[in-house]
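A.B. asks: Quick one: the structure is below, and I'll ask about it shortly.
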Amino acid sequence: QVRLVESGGGSVQAGGSLRLSCAASGITVNSRTVGWYRLDVRKERNLVAEIRSDGDTFYIDAVKGRFTISRDNDKNTVYLQMNSLKPEDTSIYFCSTWRSGTGYWGQGTQVTVSL
């Protein structure tokens, strides 16, 4: 059974930093793509960043240069380091992966950035 558990969210002022963690079980994070998503104003989940099995990473333009996705294979955990946070980064953040055609999501972690 695949399980993803996010943590690390919180409330920070603009310019601050947070590190989100996505602890995985039932899969190995270095064997597949794992992505971080966040809800938009329509409550739809949009990709923020992902790390692929070969280590390549992808970021949306809005977070390039501020966010870094990484993984710790020993801990089977994927991280999202978020620096220079802006109020528009406020959202619920989810990690996600796929296995055998099925998508798996964590429960989400709230990030709130205030002025």
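A.B. asks: Run through the DSSP bridge list for the chain and note the antiparallel percent, rounded to the nearest 5.
C.D. replies: Bridges in the chain that DSSP calls antiparallel: roughly 90 percent.
A.B. asks: Probe radius 1.4 Å, ligands and nucleic acids ignored: give me the carbon and sulfur share of the accessible area of segment 20-99 as a rounded percent.
C.D. replies: Taking all protein chains in place, segment 20-99 shows 45 percent carbon and sulfur surface.
A.B. asks: Please give the charge dipole size of the chain, origin at the Cα centre, charges +1 on K and R Cβ atoms and -1 on D and E Cβ atoms. Round to the nearest 20 debye.
C.D. replies: Value, rounded to 20: 160 debye.
A.B. asks: With every protein chain kept in place and ligands, DNA and RNA left out, what is the accessible area per residue of the chain? Probe 1.4 Å, answer in Å².
C.D. replies: 53 Å²
A.B. asks: When only DSSP loop residues count, what trypsin sites (Lys or Arg not before Pro) in segment 44-114 have their Cβ near at most 16 other Cβ atoms within 10 Å?
C.D. replies: Filter output for segment 44-114: 52, 64, 66, 75.
A.B. asks: Just to confirm my numbers, what's the Cα centroid distance between segment 1-28 and segment 48-102 in Å?
C.D. replies: Segment 1-28 and segment 48-102 have Cα centres separated by 9 Å.
A.B. asks: Do any GluC sites (Glu not before Pro) in segment 21-112 lie in a DSSP loop with no more than 13 other beta carbon atoms within 10 Å, and if so, which?
C.D. replies: 44
A.B. asks: Quick one: if you stick a label point 7 Å off each Cα along the C-beta vector at residue 32 and residue 68, how many nm between them?
C.D. replies: Here the modelled spin labels are 2.7 nm apart.
The values are calculated or read from the model by the stated rules, or taken from the named source; none is laboratory data. As the structure is a computational prediction, the values presented were derived from the model and not from experiment. Note that each Cβ is placed from the backbone with ideal geometry, even for glycine, and that neighbours are counted across all protein chains shown. All accessible areas refer to the heavy atoms of the entire protein, side chains included, with ligands and DNA or RNA removed. Shrake-Rupley method; radii C 1.70, N 1.55, O 1.52, S 1.80 Å.
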